[in-house]
Amino acid sequence: MKHFKDSKKYIGICAGLVCCLAAATPLEASAAASLEDSVLQTAGVASLLVSTGRTEEEYLEAARQAEGAAWGYTNIGIANVDSGNLNVREQPSTEGKLVGKMPKNSACEVLESADGWAHIKSGEVEGYVSLEYLFTGPDAKLAASDLVRTVAVANTDGLNVREQPSLEGAILTQVPEGEELEYVETVDGWVKVSIDGEEAYISSEYVTVEEKLDTAITMTELLYGQGVSDVRVELVEYAKQFLGNPYVYGGTSLTKGADCSGFVLSVFKKFGVSLSHHSGSQANAGTKIAAGDLQPGDLVFYGNSRGTVNHVAIYIGGGQVIHASSPTTGIKISKYNYRTPVKCVKILQD
């Protein structure tokens, strides 16, 4: 089997498919023409196919299946932005009120399209997005096939996550009902997951394994609370600009990649605060506070079964944190108790 090496060869394949139509019977030509339409429409994602090493046969098969429901969507759309988020507005206009944001590569149901705008629903958000920044039709289906991830969803509250696949295994942390964890594999009644890059185990009795695509974030989820200082608002707004950017172990780049402490270090550096590139050391900076006293801009730390800090996130208000989670999910927003916090720290002395 041959792989796509460049866009020129991709276009050549499309041309070859067109030539084959001439020798086909009327019925065969009709079917091939439908496929041709799908293939030609996907020229906009040729670079995506090249980067994933899709074979010609796999590509054409994906094109054949580009119509119809998949992953719970009947008419799927995928946010096509280089960085940042795709604005979801109340009305089909750049003057429309913001009702949510679709992170890069997140999915939506396209309800209808007209005049350069798509009426969409994504998660809890419904509104309008510019078609200029949205993959639709075969483009979206093909893009989604490379973006879908398998997750283990907790179906009970306070679910124990263990270091070993045994009831005797030390409890690493607990997660709330509905929390999605990165799925690795299922072995002998236990689901192996990854939490912020650390492998752990959950009894398969208490999770549901399913395929998921990311969805939009509501404006409510992005709001803070009353009485929050300007510097805290500015810091959190700044941090959220990098939502969806990559996780890179040892990295400190907010655009090219950072790990958990590197992300925090670089965000706070923007505001004149110097922190070390180590979550354990960051946990000893500032002032320890109770979880109930968290304000946007404070830090939340997580640890292993022995209480040793191994992950850090920035609290953004509304019971949520933003953090560089893992190579799979990159910089994301989670509930602050998506795993049990071991310490909360106030760094900003406002």
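The values are calculated or read from the model by the stated rules, or taken from the named source; none is laboratory data. All of these numbers come straight from a predicted model, not from anything done at the bench. Backbone-built Cβ (ideal geometry, glycine too); neighbour counts: all protein chains shown. Just the protein is used for accessible areas: all its heavy atoms, side chains included, with ligands, DNA and RNA removed. Shrake-Rupley method; radii C 1.70, N 1.55, O 1.52, S 1.80 Å.
Within segment 111-159, being open to solvent by less than 40 Å² (accessible area, probe 1.4 Å), of a type in the set (A, V, I, L, M, F, W, C) and under 19 Å from T94 (Cβ atoms) holds for A118, I120, V125, V129, L134.
A count restricted to segment 284-299 and to residues that are open to solvent by 40 Å² or more (accessible area, probe 1.4 Å), not in a strand (DSSP E or B) and not polar (S, T, N, Q) stands at 5.
Of the listed requirements (1) within 19 Å of V175 (Cβ to Cβ); (2) in a loop (DSSP other than H, G, I, E, B); (3) in contact with a strand residue (DSSP E or B) (Cβ under 8 Å, 6 or more places away or on another chain), Y302 misses just one: (2).
Out of the strands (runs of 3 or more DSSP E) lying entirely within segment 84-196, which hold 2 or more residues that are farther than 22 Å from G244 by Cα and without any contact (Cβ under 8 Å) to a residue 24 or more places away in the chain? Outline the logic, then answer.
Numbers: elements: 85-89, 98-103, 107-114, 117-122, 125-130, 149-154, 159-162, 171-175, 180-187, 190-195.
Counting at least 2 such residues, we get 107-114, 180-187.
Per the listing L265, L275, the residue uniquely among the aliphatic types (A, V, I, L, M), open to solvent by 10 Å² or more (accessible area, probe 1.4 Å), modelled with pLDDT of 95 or more and not in a helix (DSSP H, G or I) is L275. Taken over segment 84-127, the criterion of being basic (K, R) and under 16 Å from the mean Cα position of the chain (by Cα) is satisfied by K101, K104. Got a number for residues in segment 228-262 being open to solvent by less than 50 Å² (accessible area, probe 1.4 Å) and part of a strand (DSSP E or B)? So the count comes out to 4. Which ones in segment 324-341 are assigned to a strand (DSSP E or B) and over 18 Å from the mean Cα position of the chain (by Cα)? Hit for segment 324-341 is P341, nothing else.
Condition test on F242, is it over 30 Å from K121 (Cα atoms) and touching a residue at least 60 places away in the same chain (Cβ under 8 Å)? Give the steps one after another, and end with the answer.
Working: over 30 Å from K121 (Cα atoms): no; touching a residue at least 60 places away in the same chain (Cβ under 8 Å): yes.
Against the criterion (over 30 Å from K121 (Cα atoms) and touching a residue at least 60 places away in the same chain (Cβ under 8 Å)), F242 does not qualify.
Evaluated against (1) open to solvent by 30 Å² or more (accessible area, probe 1.4 Å); (2) in a strand (DSSP E or B); (3) free of Cβ contacts under 8 Å to residues at least 24 places away in the same chain, V321 falls short on exactly one condition, (1). When segment 305-318 is examined, which residues are found to be of a type outside the set (G, A, S) and in a strand (DSSP E or B)? Answer for segment 305-318, where residues must be of a type outside the set (G, A, S) and in a strand (DSSP E or B): V309, N310, H311, V312, I314, Y315, I316. Scanning segment 205-214 for residues being open to solvent by 50 Å² or more (accessible area, probe 1.4 Å) and either in contact with a Phe, Trp or Tyr (Cβ under 7 Å, 6 or more places away or on another chain) or not acidic (D, E) (or both) gives a total of 5.
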